[in-house]
Structures are given as structure tokens and as C-alpha cells.
């Protein structure tokens, strides 16, 4: 009889322990959605970023993230939204402290160019030699057609520190914030966080004038630049991202 009672007690204790563990999973809720919390070494920044979101009347954590960078203007913008039908809203603009090369796309290994075009985050590296890093999927489908077939280059990141050999460096504090936001978005289901890299900010006349002067005699680059501008213009008008395709020539096309 004692053995049976002891067995029952042990079963109850085991049930309590298992139940407690299941409720201790790293999730938190809003009134409408349950979110999964990622585990990163910059988790301590979550409260600070949440307050920044609240100050801008944005919902934390965001469901979707869009990053766009402008080479000549040395800016990186962070846009967020929480529903598919919502318009993207600007969270923050970071200064790009260092980037190598000039305006124009990356076409080969060792050219020190920052790529231009439409990418997504394909790597999270919290132990980068450049503090922290978010990898871009260069070469993408367009690059594989238009770049050096054997040596297109690679290992392109948005990272901390302030050095660049084809990457986008935004220093340590900004990359910590961006890394954590991206980690939340990734943990909650966005597998392809878009990153668009433009040669210039097309609504800044000084930047457009510089671009026109730089490539006025290069027809292929001019066509490439105009295709990038179509995506910029679409987003400026709709605050949504278009569907972007790549044709057999490696040219970007808006569907």
C-alpha cells in the first residue's frame, strides 16, 4: 500500500515539474499574437529597443523587417510593420561609418565593391571579428549572371566596427540593435528579411546628380541603376515591397 501511495506522489511531482517547465518556455504575448523570443547575447537591449518603438508609436516586436542602404549617402534605414496589409514605417536610420569601393554594382572577387541590388539576410553571426554581423546572400540570381562566373566574390555583411572590404559597417551599438530586431523577426517566422542596397538615395538631388555624372557614358550601368530606382520609387509610393524577378539577362524586373 505504501509503495502505491509513493508511486502516486511521485507521479504528481513529475507532472508538476513537467508542467512548470513547459510554461517556462521563452515566449511572451500581446493582446493578439504570441511571439517567440530569440536567445542572443544582446537580449539586454530588448527593453531599450521596446521603449524606442513605443516612443515612435510602433509595436514591439515587429513581425516584418525591411532594411535598405544607400552607398553614396552612407545611410542604412530600418523599416518595420506587423501585418501583411500594413505599410512599412521607419524605425531608425543609422550612419554607415565605412564602406569600400564606389557607386556601381559588385562584379568580381577583390573589387572591394559593396553590392547593389536586392538581397536577404542569410546568416546571423554574433561572434564576428567585426563585433556582430548579418550576412547577405551575395551573389544572388542576378549577380550570378552578370558577375565573374568563376570568382564573383562573397562574404558580404552588415556588421559593426568601422572597416570595410565590400561590407556595410555601421559600428557596434547600431549592429547590436539591428541584430536583435532581426533575430526577433527571424524567430517569429520571417525567413527572408529583405535588404536592398541602392547606389544613392534617389530623392536627394545632390546624390542623383553625382550618380548621373559618374555613369553618363556607361549604358549598361545606367540601365541597371534605373531598374533599381523602379523598386525605390515603388516603395516610396506604397510603403510596400514589390515582387522582384530576375530575367535571363540578369536584369531585375518588378512583377
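The values are calculated or read from the model by the stated rules, or taken from the named source; none is laboratory data. As the structure is a prediction and not an experimental result, all values here were calculated from the model. All Cβ positions, glycine included, derive from the backbone under ideal geometry; neighbour counts span all protein chains shown.
Let's see how each residue does on (1) touching a helix residue (DSSP H, G or I) at 6+ places or on another chain (Cβ under 9 Å); (2) modelled with pLDDT under 95; (3) under 20 Å from residue 175 (Cα atoms):
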| position | (1), (2), (3) |
| --- | --- |
| 29 | no, yes, no |
| 35 | yes, yes, no |
| 38 | yes, yes, yes |
| 44 | no, yes, yes |
| 48 | yes, no, yes |
| 61 | yes, no, yes |
| 64 | yes, no, yes |
| 71 | no, no, yes |
| 76 | yes, no, yes |
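Taken over the stretch 223-255, the criterion of being surrounded by 14 or more Cβ atoms within 10 Å (Cβ to Cβ), more than 15 Å from residue 117 (Cβ to Cβ) and either over 25 Å from the mean Cα position of the chain (by Cα) or touching a residue at least 60 places away in the same chain (Cβ under 8 Å) (or both) is satisfied by 239, 240. Tallying residues that are touching a helix residue (DSSP H, G or I) at 6+ places or on another chain (Cβ under 8 Å) and over 15 Å from residue 101 (Cβ atoms) within the stretch 147-183 yields 9. Only one of the numbered conditions (1) at pLDDT 95 or above; (2) out of contact with any helix residue (DSSP H, G or I) (no Cβ under 8 Å at 6 or more places or on another chain); (3) within 23 Å of residue 253 (Cα to Cα) is not met by residue 135, and that is (3). For the stretch 154-170, which residues satisfy the criterion of being farther than 17 Å from residue 121 by Cα and buried (at least 18 other Cβ atoms within 10 Å of the Cβ)? Once the filter is applied, which keeps residues that are farther than 17 Å from residue 121 by Cα and buried (at least 18 other Cβ atoms within 10 Å of the Cβ), the stretch 154-170 yields 161, 164. For beta carbons closer than 7 Å, sequence separation of 6+ or different chains, a first residue in the stretch 83-94 that is surrounded by 15 or more Cβ atoms within 10 Å (Cβ to Cβ) and a second that is part of a loop (DSSP other than H, G, I, E, B) and modelled with pLDDT of 95 or more, the qualifying pairs are 88/239; 88/240; 89/58; 91/56; 91/58; 94/170.
The residues of the stretch 135-170 that are touching a strand residue (DSSP E or B) at 6+ places or on another chain (Cβ under 8 Å) and part of a loop (DSSP other than H, G, I, E, B), listed by number, are 137, 138, 140, 155, 156, 160, 161, 162, 163, 164, 167, 170.
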